[in-house]
Amino acid sequence: MDNDKKKCGLYMRVSTEDQAREGFSLPEQKERLEAFCKFKGYEIIDYYQDAGISAKTGNHRPEFERLKEDIKSKKINTIISLKLDRITRSIYDWENLITFLDENDAYLDCANDEVNTTTANGKMISRLLMSVSQNEIERTSERTKIGMAGAIKQGHIPHKAPLGYKREDKKLVIDYSTKDVVVRIFNLYYEGYSYQKISNLFNEERVLGRENWRDATILSVLENEIYKGDFIHGKRTKHPTYYENVAPAIISKEMWEECQVQKKKNSRSYKRTLTYLYLQKLKCPKCNRILGGKATTKKNNNTYYYYYCNDCKIEFKEKVINDYFSQFIEELVQYDSVVNQFFLPMLKQKFDEPKEQLQKEIINQNNKLERIKKAYINGAFDVKEYKEEKHIVEKAITELENKLNETDTIEELKFTPKDILLKRDIDYINKLMLNKEYQERIKMWKYHTREEQADVIMRYVDDIELALVGKEVVVKQINFRESICKPCQELYDKGYIDTTKPMLLGNILGSVRFSNYLPEEEFGEIIMRLQQYYDVHFTEATYYLQKQMFYFNFVENNSAIVRVFPLEDYYKLDPDNKMETYRFGIIYIDGDDEFKVEDIENIEPYFNAIPDVNDMAVTYKKDGQVEIDVKPVKFSEENKE
């Protein structure tokens, strides 16, 4: 083909990465290509330029498609480009382009690559250059993925910060001005609200000053793993990558998973009509699938619940699980009422919303308010918009200040973890000394509604393992949630909570409350605070390892043990249990102590308060010697109370 017959289309392309790496901006490409055509004597018919688009396979390039259409219509017959990789970096796409050019009697000429498809040698060289170009893009992609993975693991999460978060030093951190909105979405959904109902409620309340809450917005929050601290990169691709614990969690993993289970069942207007205590907790002992639930109501209006597996034809009554659960459920309920319902929420608030973070966020919101005022003065928006934006920020400041005041109030209470142990001791003594009043105030498990029982089981139980004994289904093991029960174990290890163990008291099987080691000044303080309410006593016991026998020192044989605890830190002193004897402290009350309810002016503090450390007595008494042997026994079905 002669030069005077070449009607050229100049194709220019640049992506952000190309420009940063090679410095080939669109104007620079145009200037070089025009000089190249002038040197070759080519006629320039039109210009085609794609900005910010890579040459990867599958990317739509509008200008390149227009160029191909002009080739088909014979408007041009030659593509002029700076380099081959401006056209494509894929061998597959390149072979298709050569075929297209041959079919339309057209050509490609590159200014910098010596590529010219008018000859066989030119086509061969172009294929070699294309192989090198594709290898480079694949290596760049690998380096990008490695760099991205490292950044995500360091907490540099890509994309816009979601609701409840903001960025500090490029990392996601909790935004305390919006975090509670996220918590509320999950709580409402778990309680049975559909995402449509939540969005309508938020629009009615103008949450965060918005009236554009949509179903999709609520659903995107519920489905986002970032709220449990995890992140999925390439979530909608064929090969997503899951990263755990790369961001501060707003919601527990258990709550997040529970809401996903709820989502699978929840239609937009779904509401359960029956409450199954062990929903999603039971698996078939044969096929390991989640068991379904059903219920029947008899003529006496009593409802009976069952769990079943259709595939394995297994069915059993809920009572099978209830009977097993009953041996420790009251202890769990008492722990829940004292620790999780009262003390831990205060500790959690101090941990999740530290005072310095709240103060910092208040400063940020006040700065934001100043920026809004300046923007209004400079004419960025009208009076109505200014008032709306100002109201939103002022409301956020008010909420943060309220949280800060609550934190100050909690700090003023001077609450410490050993107050948990003190409250448990008081409850136990109330049960012994004020049993009638105790029963009236303490809600036993059997008096909880099914909804309340299901809530406790949901929060504490991970799953329940079942087994088949002949044709009968039996409970093999109950697995409690580690994230919920771990604080209980930590409190016990530190001596701030007790556990009940079966013991032989003389010849009578009973149970005794045990707690772990506390320094003398701490258990002494607890005893003296208890003495503000009751005439409690303290004595010592010796445990003989070889005999496996305790020897308690009581003044009266009808005394009631409140709690037993080691007087030394034997975990450190004797980790291998090689000592022959161990010293234990005993807190107890005498059965003959005079205590009359009618003599107490106000009984309520005995049940809903704990003695103030400032009002405690000065000393506690160690009593004399009366030996009663007490032997620990293993708890089993045969000797159960």
- [ ] Would you check which residues across the range 144-171 are modelled with pLDDT of 85 or more and among the hydrophobic types (A, V, I, L, M, F, W, C) and list them?
- [x] Ala161, Leu163
Open item on the list: Given the criterion outside any loop (DSSP other than H, G, I, E, B), touching an Asp or Glu at 6+ places or on another chain (Cβ under 9 Å) and either at pLDDT 80 or above or closer than 25 Å to Glu31 by Cβ (or both), identify the matching residue among Ile79, Ile98.
Closed with: Ile79
Task: Members of the range 74-111 that are among the β-branched types (Val, Ile, Thr) and in contact (Cβ under 8 Å) with a residue 12 or more places away in the chain - done: Ile76, Thr78, Ile79, Ile80, Ile87, Thr88, Ile91, Ile98
Task: Verdict on Leu163 being assigned to a loop (DSSP other than H, G, I, E, B) and of a type in the set (A, V, I, L, M) - done: yes
Task: Among the residues listed as Arg206, Arg214, Arg210, Arg236, the single one being within 24 Å of Val173 (Cα to Cα) and of a type outside the set (Val, Ile, Thr) - done: Arg210
TODO: Kindly indicate whether any position in the range 323-339 is at pLDDT below 80, farther than 30 Å from Tyr276 by Cβ, of a type in the set (Ser, Thr, Tyr) and surrounded by 13 or more Cβ atoms within 10 Å (Cβ to Cβ).
DONE: no
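The rows are residues; the columns are (1) under 12 Å from the mean Cα position of the chain (by Cα); (2) surrounded by fewer than 17 Cβ atoms within 10 Å (Cβ to Cβ); (3) at pLDDT below 85; (4) aromatic (Phe, Trp, Tyr).
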| site | (1), (2), (3), (4) |
| --- | --- |
| Glu225 | yes, no, no, no |
| Lys228 | yes, no, no, no |
| Lys235 | no, yes, yes, no |
| Thr241 | no, yes, yes, no |
| Ile250 | yes, no, no, no |
| Lys253 | yes, no, yes, no |
| Glu258 | yes, no, yes, no |
TODO: Report yes if some residue within the range 453-461 is part of a strand (DSSP E or B) and loosely packed, with under 15 Cβ neighbours inside 10 Å; otherwise report no.
DONE: no
Task: Counted residues, the range 465-488 - those being among the small types (Gly, Ala, Ser), on the phi < 0 side of the Ramachandran plot and at pLDDT below 90 - done: 1
Task: Of all residues in the range 533-558 being closer than 19 Å to Asp427 by Cβ and at pLDDT below 85, the one that is surrounded by the fewest Cβ atoms within 10 Å (Cβ to Cβ) - done: Asp535
Open item on the list: Out of Tyr42, Tyr11, Tyr107, I need the residue that is at pLDDT below 90 and either in contact with a strand residue (DSSP E or B) (Cβ under 6 Å, 6 or more places away or on another chain) or surrounded by 15 or more Cβ atoms within 10 Å (Cβ to Cβ) (or both). Which one?
Closed with: Tyr107
Task: Selection status of Gly624, more than 47 Å from the chain's Cα centre (by Cα), of a type outside the set (A, V, I, L, M), modelled with pLDDT under 75 and over 22 Å from Tyr438 (Cα atoms) - done: yes
Task: Boolean, Lys403 is modelled with pLDDT under 85, farther than 30 Å from Ile314 by Cα and either surrounded by 14 or more Cβ atoms within 10 Å (Cβ to Cβ) or touching a helix residue (DSSP H, G or I) at 6+ places or on another chain (Cβ under 7 Å) (or both) - done: yes
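The values are calculated or read from the model by the stated rules, or taken from the named source; none is laboratory data. All of these numbers come straight from a predicted model, not from anything done at the bench. Counting neighbours? That spans all protein chains shown, and the Cβs are built from the backbone with ideal geometry, glycine included.
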